[in-house]
Amino acid sequence: MTFRRISTCIPASLPVYLAVCLAVFLPMLAAPQAASATPNIAMDSAVFVERTQTGNLRSLEPASRLTRGERVVTVLNWHRMGGDGGFTIINPLPRAVAYQASASEDEEVSVDGGKNWGRLGALRIGSRVATPEDVTHVRWRITPALARLGNGRIAYSGIVR
């Protein structure tokens, strides 16, 4: 499957890039390290609309326009350009998209703008358990072993509000 960048319909692409940059470069400011100790990461993303066809077949089409109630799949591709170690990808969700699920089971979510993180079933808002609609950010920790592979792909789905 080939993915192409669709910059006109990816409101989350810039925040993803900035979040990765901050996650990679802020530690360098706080504690000086050798230049090769921090991975240099390039990322791109694309948004697709899930279409259901006859026979319950599903397909993904590049999103050119989003309509309320549509299921969208965001695909984040990362490429390690150099350096060593693992890194963290943080993706703020657009307000117009309600989080549903990640293709990776090791994601953590935030329901308070990225201040606190955890598994969806363990987070609370006041006295109630947080729901997918409450998610504001999603993050994935890429281990050093995975980072050594040089590239990877993460996908998550949501519903357009």
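Values in this text are rule-based calculations from the coordinates and carry no lab data. Since the structure is predicted, the reported quantities are computational estimates derived from the model, not experimental observations. Note that each Cβ is placed from the backbone with ideal geometry, even for glycine, and that neighbours are counted across all protein chains shown.
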Sticking with the crude label model, points 7 Å out along Cα→Cβ, report the distance from Asp112 to Glu61 in nm, one decimal please.
-> 4.2 nm
So how do 152-158, 94-100, 48-54, 79-85 stack up, highest first, on mean other-Cβ count within 10 Å?
-> 152-158, 94-100, 79-85, 48-54
